[in-house]
Amino acid sequence: MSAMTNIRIDTVRIAGFRGIRDLEITLPRVAVLIGPNNSGKTSCLKALQLALGDYSRYLCDEDVHIEVGTESSKVILVDLRIIATDDKDNRIRTFGDDWATEFGDRIMAEANGDQFLALRTRSMPNAIKGNFDITRSTLERWPDYSAWSTEKVKETRLPSRMDCLPFIAIDAQRDIHQDLHEKSSFIGRVLAAIAYDKDDIVALEQLIKDLNDTAVDKSEDIKRLTRHVRQLNRSVQGAGNVEITPFPQKIRDLSKNFSVHVGDSAENSFTMEYHGMGTRSWASLLTVKAFIDLLVDKHEKESKPCYPILAVEEPEAHLHPNAQKTLFRQLAESRGQVIISTHSPYLAAMADITAITSLVRIAGGVSGHCFLYLVTPTEKNVLAREVMSKRGEILFARALVLFEGVTEEQIIPAMFQAYFHKSIHEFGVSCVSVGGKNYAPFIKLACSFGIPVYVISDNDGSAKTEVEAQLQRLKQETGLQLNSDSFGIAFIGNGNDFEAELMGLGLRDEIIQSLVLCATQDTSNKEHVAAKQREITALSDSDIIVRMRKSKANYAGHLADVLLMNPNGKSVEEMVPAAVAQAFEQLKGWLAR
């Protein structure tokens, strides 16, 4: 088994850091942190950097968590648990020989024999020095989360950070054009490590000398400039030699003049300073992958294990959706562990649903939510197909409204806008068609990520019985309470699907107008439009409902537009079914929290 794939940080605990009072999150090999602004995503990455990287030198009083009306203890704790895994990221019982040698007697075991390494970083202010004292240690056991930060656990002091767990942090502000000129950047460190054999250096420097001689010989201006500059000899008493060389003379100076060219071809390419921030940011991220490869290869040559922890903040910056998806795959292929914080639904949609942690602000701190419930392969496929690949923004919603089909998906947002006088997007609410009555996976998703969910169900045939039975099974399988704090359900009128409900509400004129628009959208012939108006108006209510059902995907969008225009001046109560109004009232309460 490769030394690069058999460990990972599986649990992170943070206390007293920035806006985080007390938080525990679990991490797969490729982890994605989502959440609104100021929800704690950056703080989690900085806490990891404090434990494994160089953030301790930046630590200041503002990093200490202070609750309103309380005195801060000014102690920051970050605990990490490292476990052994197989090449599919599943936990295994014991560490491989290389890591067992590296960690030594710091390795502990749980009651069932599963091994782990627990690292603790404690930061406290030093009033005399005016900075923070940082201590790192290993823990004799991994305490229960309920009292992890206060329970006394035997600690063994570490003299320094563990070099075998390098932490590489990439913030949202990155630009390869600047990186090329900074020795401390990741590409600067890669270039600084470039080495050649002695014979190669001699040969290359001779080629550079020949190139310089040719460039000077071909330019009268450079020759003239050289003659004038050689007068410098007079000020140094004629000693030394003065030359103008368009190219560096020594191999060691090449790294100072590296550039990256991007274009359609070698003949049509430009340096990074002429490209947009998207290309420059993307290129900067990819140079980090090169740095990680170099780092790991150096350790492997010394027969030492190395497991890099790559933390990337907002990799989507300046990139269009397809580029974001490509970049996610490239980052996921990095050696070691990858932790990504993002606001992008496209990046979140690329991740496995179980790899996502949603962070939200709560009273006094931050709470983390991840997928809590077992899903069947079928349910996981439904979520991957209907949510993760198409509707990643659902993961960022403040509330979800679920229903059976495409009619509701187009019309309910219009009813919402008429009801609240604001668009559904302004409130952060997502409307989702579950493609039938398969509500369970969507409810599991919403409840896992702390998203309130309301179901508006059809009530024709056996729909009510089927949906209620499904919810009962869901409660039994998961233990979900499905109470009004985060769940609601309403059934439309008895015996109705959504089309029949709209007709029964008294929206016949609006429905006719939408059907006429649907049937005449490809023509501007007024006579044809008038004839279609007469034809549809002459239909009975039941015939109109049949026509609605046959053209759900088309007429619904037109009806949504008609309801927003409200040409007949109807009240909200006359345009919104009772079940939908009931859902809106519950949403109002949830969104006010």
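The values are calculated or read from the model by the stated rules, or taken from the named source; none is laboratory data. Please read these numbers as outputs of a predicted model, since none were measured by experiment. For neighbour counting, all protein chains shown are included, and Cβ atoms are generated from backbone atoms with ideal geometry for every residue, glycine included. For the accessible areas, the whole protein counts, side chains as well, though only heavy atoms, and no ligand, DNA or RNA atoms are used. Shrake-Rupley method; radii C 1.70, N 1.55, O 1.52, S 1.80 Å.
Compute the FRET efficiency between Leu591 and Glu151 as 1/(1 + (r/R0)^6), taking r as their Cβ-Cβ distance and R0 = 41 Å, and round to the nearest 0.05. That pair, Leu591 with Glu151, gives E of 0.60. Between the alpha-carbon centres of region 481-525 and region 293-309 there is a gap of 61 Å. A Förster radius of 56 Å, combined with the Cβ-Cβ distance separating Arg534 from Arg473, puts the computed FRET efficiency at roughly 0.65. Relative to the Cα centre, the charge distribution of the chain, modelled as +1 at Lys and Arg Cβ and -1 at Asp and Glu Cβ, gives a dipole magnitude of about 1220 debye.
Charging the Cβ of each Asp and Glu at -1 and of each Lys and Arg at +1, and nothing else, the dipole of region 67-146 about its Cα centre rounds to 340 debye.
Extension gain for Asp210 to Asp485 (0.36 nm times residue separation, less C-alpha to C-alpha distance): 91.2 nm. Along the axis of the charge dipole computed for the chain (Cβ charges of +1 for Lys and Arg, -1 for Asp and Glu, origin at the Cα centre), the listed residues Asn459, His558, Gln206 are led at the positive end by Gln206.
The protection proxy used here, the mean number of other Cβ atoms lying within 10 Å of each residue, ranks peptides 87-95, 105-113 as follows, highest first: 87-95, 105-113. Computed from backbone phi, the HN-Hα couplings of region 395-408 come to 5, 9, 6, 7, 6, 10, 10, 10, 7, 6, x, 6, 4, 4 Hz, rounded to whole numbers (Karplus: 6.51 cos²θ - 1.76 cosθ + 1.60, θ = phi - 60°; Gly and Pro given as x).
Calculated from the structure at hand, log10 I(q)/I(0) by the Debye sum over Cα atoms at q = 0.05, 0.11, 0.13 Å⁻¹ is found among (i) -0.35, -1.10, -1.33; (ii) -0.22, -1.12, -1.57; (iii) -0.27, -1.04, -1.28 as (i).
If the cut-off is a Cα-Cα distance under 26 Å, which lysines reach Lys218, setting aside same-chain residues fewer than 8 apart in sequence? Result set, ordered by chain and number: Lys209, Lys250, Lys256. Most simply put, the chain has about 60% antiparallel DSSP beta bridges, counting only bridges with both residues inside it. Of the residues Phe328, Gly435, Leu165, the one whose Cα sits farthest towards the positive end of the charge dipole of the chain is Leu165 (charges of +1 on Lys and Arg Cβ, -1 on Asp and Glu Cβ, taken about the Cα centre). When peptides 35-44, 433-442, 153-162 are sorted by average Cβ neighbour count within 10 Å, with the highest value leading, the order is 35-44, 433-442, 153-162. Panel values: region 441-538, Kirkwood radius from alpha carbon pairs, Stokes-Einstein at 37 °C and 0.692 mPa s, translational diffusion coefficient 198 µm²/s.
In this label model, Gln330 and Leu286 are separated by 0.4 nm, measuring between points 7 Å along each Cα→Cβ vector.
Distance between the pseudo-spin-label points of Asn37 and Glu527 (7 Å out from Cα toward the beta carbon): 5.8 nm. Taking amide hydrogens as placed 1.01 Å from N in the peptide plane, the amide H of Phe167 sits under 5 Å from those of Ile309, each at least 5 positions away in sequence or on another chain. Working from label points 7 Å from Cα in the Cα-to-Cβ sense, the Asp197 to Lys250 distance is 2.3 nm.
In region 21-61, which residues have a backbone nitrogen under 19 Å from the label point lying 7 Å from Met124's Cα in the Cα-to-Cβ direction? Correct set: 51, 56-57, 59-61. Could you tell me which residue out of Ser514, Thr342, Tyr196 lies farthest along the dipole of the chain toward its positive end? Charges go on the beta carbon: Lys and Arg +1, Asp and Glu -1, centred on the Cα centre. The one lying farthest along the dipole's positive direction is Tyr196. Taking one quarter of the surface of the convex hull spanned by the alpha-carbon atoms of region 334-486 gives a direction-averaged projected area of 10.9 nm². Note on region 19-167: Kirkwood hydrodynamic radius from all Cα pairs is 17.0 Å, rounded to one decimal.
Between Ile66 and His320, the C-beta separation translates, for a Förster distance of 41 Å, into a calculated FRET efficiency of about 0.50.
Restricting the calculation to alpha carbons of region 1-60 gives Rg and Dmax of 13.1, 42 angstrom. Computed in the context of the full set of protein chains, the accessible area of the chain at 1.4 Å probe radius has 49% of its extent on carbon or sulfur. Solvent exposure of the chain amounts to 50 Å² per residue of accessible area, where only protein heavy atoms count and the probe is 1.4 Å. Sorted largest first, the spans of the alpha carbon positions of region 285-334 along the three principal axes are 41, 16, 14 Å. Name the residues of region 349-384 whose amide N is less than 14 Å from a point 7 angstrom out from the Cα of Arg91 along the C-beta direction? Within reach of a label on Arg91: no residues.
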